[in-house]
Amino acid sequence: MPASIPGLLNAEHGLSAWGAGFDLAQAGTRRWVTVMPSRNDPIAALATPTGTSALAVLRVSGSDTGRLAQEIFGATPSPRLARRGDYRAQGGELVDDVLFTFFPEANSYTGEDALEISCHGNPFIAQTILEDLFARGCRPAGPGEFTQRAFLHGRMDLSQAEAVMDLIHARGERALSAANHQLRGGLGRRLDDLTERLLGALARIEAYIDFPDEDLPPEDRTVVRRTLEALAQETNRLLATSHYGELLRDGLKTVIIGAPNAGKSSLLNRLVGRERAIVSAEPGTTRDFIEERIIVGPHCLRLIDTAGLNPAPSAVEKLGMEKSLERAAEADLVLLVLDATRPLPVLPEIFTSSLSPARALAVVNKIDLTTGRPVEFAVPGGLAVVNVSALTGAGIEALTAEITRFADSFQSPDQEEIIAINARHADALLRAKTCLQAAMGNLDKNGPVELLASDLRGTLAAYGDILGKVDNERMLDQLFATFCIGK
Ligand code: GDP
């Protein structure tokens with residue numbers, strides 16, 4: 001049996017780099033080498049938003065950045081030491097009193113020589129410095145180009161590069177934890193592990209490709225079958241985090257629904273913390289949807305207020321109700337608002353039949369008007385009930401706790417760390433799953449080893465896509481185009 005694994009350690013699957021990995025926060029020892037070509041012409045951009053502020057930060061990266069710093073500030077910059085200096089434009093005129101830091105390539109974010117300049121947060125100053133940097137040979141950085149370079153120079157894998165954006169956009173504590181975990185290589189380590197096990201199985205099989213007369217012995221088939229089953233299970237576990245990932249990145253889609261005048265708009269305003277929706281004693285005032293993103297506990301909610309469900313609607317109200325029901329059907333969480341001072345409303349059967357504790361909560365509102373009287377409803381669907389007063393704020397804390405418990409229930413219970421994959425990861429994992437299933441089918445049928453190996457290579461390529469072990473410049477350009485300039 002040959003000892004090596006022919007065709008495995010090649011650039012086709014980016015395997016020259018496999019098992020490596022870059023440790024962004026010095027929290028491990030993985031090293032990463034990519035097969036992508038790199039550009040290192042000097043680029044510059046403003047890394048903070050335009051507008052008046054205390055400070056603005058400009059970023060430069062690329063070859064010759066050290067020389068550029070020396071040319072501007074007149075001294076050889078000390079590595080990673082913030083220095084104070086006069087920024088003088090090429091013509092010699094003083095622009096600002098700034099702090100600058102030079103990062104030699106070995107310790108920079110991008111993996112090339114880099115310079116950060118903190119100036120006063122006047123857009124005119126920032127623009128003047130930026131234009132001067134362009135005049136000195138830098139070109140404007142494209143969206144996400146600093147992070148793209150970090151990836152191309154092996155400073156991070158693609159899942160970590162995506163986590164940088166997740167971190168910038170994280171709304172809420174859980175989204176922040178998930179982004180930090182991914183940035184520190186949490187997802188990368190899982191995939192490294194899956195890949196290593198897959199390579200073990202592939203090694204057993206590849207050995208027989210060169211010996212067409214020999215069939216894969218039954219004991220090898222059993223070991224490979226067991227490995228593939230375990231990999232399929234792990235792949236499914238990662239895939240199961242996809243909905244939680246969507247929820248963390250986009251917010252828990254929460255629809256407020258109930259009879260007219262139950263206090264839906266008041267509840268939205270109470271949760272948002274300001275007057276957002278029109279509150280009126282006249283029923284039917286919310287005909288359009290109001291949507292707000294708010295932080296509730298550790299989560300971000302996309303909170304949607306809907307038109308009331310009226311048992312005898314006018315033609316316009318009927319249209320609004322249909323839309324409300326559509327929204328409720330698409331929601332992660334439905335908050336069914338009930339008026340504590342009124343009997344249980346007659347709600348459309350199509351709506352009540354879809355209510356379940358797995359996706360709805362009953363919020364009994366106006367408890368300030370029912371002093372001394374316990375509110376007891378035979379709530380449809382056996383929903384958990386929270387008693388509140390949108391007017392006084394009573395019970396809102398309990399509602400927040402209930403919403404948090406609800407959102408956390410989407411996290412896979414068997415995940416000891418927060419893994420929350422994105423749509424791109426899910427797409428690749430689905431491809432891996434399909435290849436694994438085909439490989440297992442092949443094994444069960446005693447099919448040809450070449451086909452089996454090809455399915456396993458397909459799985460390997462799909463795992464590789466997640467971390468960016470692909471020679472696909474267009475995909476990378478598209479991905480980084482969604483980043484902001486200066487990042
Ligand atoms: P919606 O039609 O369901 O959106 O109901 P609104 O939020 O517009 O409220 C209808 C009426 O009920 C308004 O007069 C509110 O001031 C009143 N209301 C809402 N919530 C409460 C509450 O918790 N207590 C009391 N006493 N009145 C409330």
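Here are the numbers for this structure:
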quantity	calculated
Filter result (open to solvent by less than 50 Å² (accessible area, probe 1.4 Å), among the small types (Gly, Ala, Ser) and assigned to a helix (DSSP H, G or I)) within the range 166-201	Ala175, Ala178, Ala179, Gly186, Gly188, Gly200, Ala201
The range 60-84 - residue that is open to solvent by less than 40 Å² (accessible area, probe 1.4 Å) and touching a Pro at 6+ places or on another chain (Cβ under 8 Å) and, of those, farthest from Phe103 (Cα to Cα)	Leu68
Sole residue being under 18 Å from His181 (Cβ atoms) and open to solvent by less than 20 Å² (accessible area, probe 1.4 Å), chosen from Ala163, Ala150, Ala126, Ala141	Ala163
Residue that is out of contact with any strand residue (DSSP E or B) (no Cβ under 8 Å at 6 or more places or on another chain), open to solvent by 40 Å² or more (accessible area, probe 1.4 Å) and touching a residue at least 12 places away in the same chain (Cβ under 8 Å), where the choices are Glu397, Glu417	Glu417
Selection status of Ala312, away from the ligand (no atom under 15 Å from the Cβ), modelled with pLDDT of 80 or more and either surrounded by fewer than 18 Cβ atoms within 10 Å (Cβ to Cβ) or in a loop (DSSP other than H, G, I, E, B) (or both)	no
Any hit, the range 206-213, residues being outside any helix (DSSP H, G or I), under 16 Å from Ala432 (Cβ atoms) and either at pLDDT below 95 or touching a Ser or Thr at 6+ places or on another chain (Cβ under 8 Å) (or both)	no
Sole residue being without any contact (Cβ under 8 Å) to a residue 60 or more places away in the chain, acidic (Asp, Glu) and open to solvent by less than 60 Å² (accessible area, probe 1.4 Å), chosen from Glu234, Glu214	Glu234
Residue check, Thr222 under 28 Å from Ile419 (Cα atoms), of a type in the set (S, T, N, Q) and either open to solvent by 30 Å² or more (accessible area, probe 1.4 Å) or not in a loop (DSSP other than H, G, I, E, B) (or both)	no
Top-ranked residue of the range 316-349 - restricted to ones that are away from the ligand (no atom under 11 Å from the Cβ) and of a type in the set (Gly, Ala, Ser), ranked as most open to solvent (accessible area, probe 1.4 Å)	Ala329
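Residue-wise test of (1) closer than 30 Å to Arg189 by Cβ; (2) among the hydrophobic types (A, V, I, L, M, F, W, C); (3) within 16 Å of the ligand (Cβ to nearest atom).
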{"residue": "Phe351", "(1), (2), (3)": "no, yes, yes"}
{"residue": "Thr371", "(1), (2), (3)": "no, no, yes"}
{"residue": "Leu391", "(1), (2), (3)": "no, yes, yes"}
{"residue": "Arg405", "(1), (2), (3)": "yes, no, no"}
{"residue": "Ala426", "(1), (2), (3)": "yes, yes, no"}
{"residue": "Cys435", "(1), (2), (3)": "yes, yes, no"}
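The values are calculated or read from the model by the stated rules, or taken from the named source; none is laboratory data. As the structure is a prediction and not an experimental result, all values here were calculated from the model. With ideal geometry, Cβ positions are generated from the backbone for all residues, glycine too; neighbour counts draw on all protein chains shown. All accessible areas refer to the heavy atoms of the entire protein, side chains included, with ligands and DNA or RNA removed. Shrake-Rupley method; radii C 1.70, N 1.55, O 1.52, S 1.80 Å.
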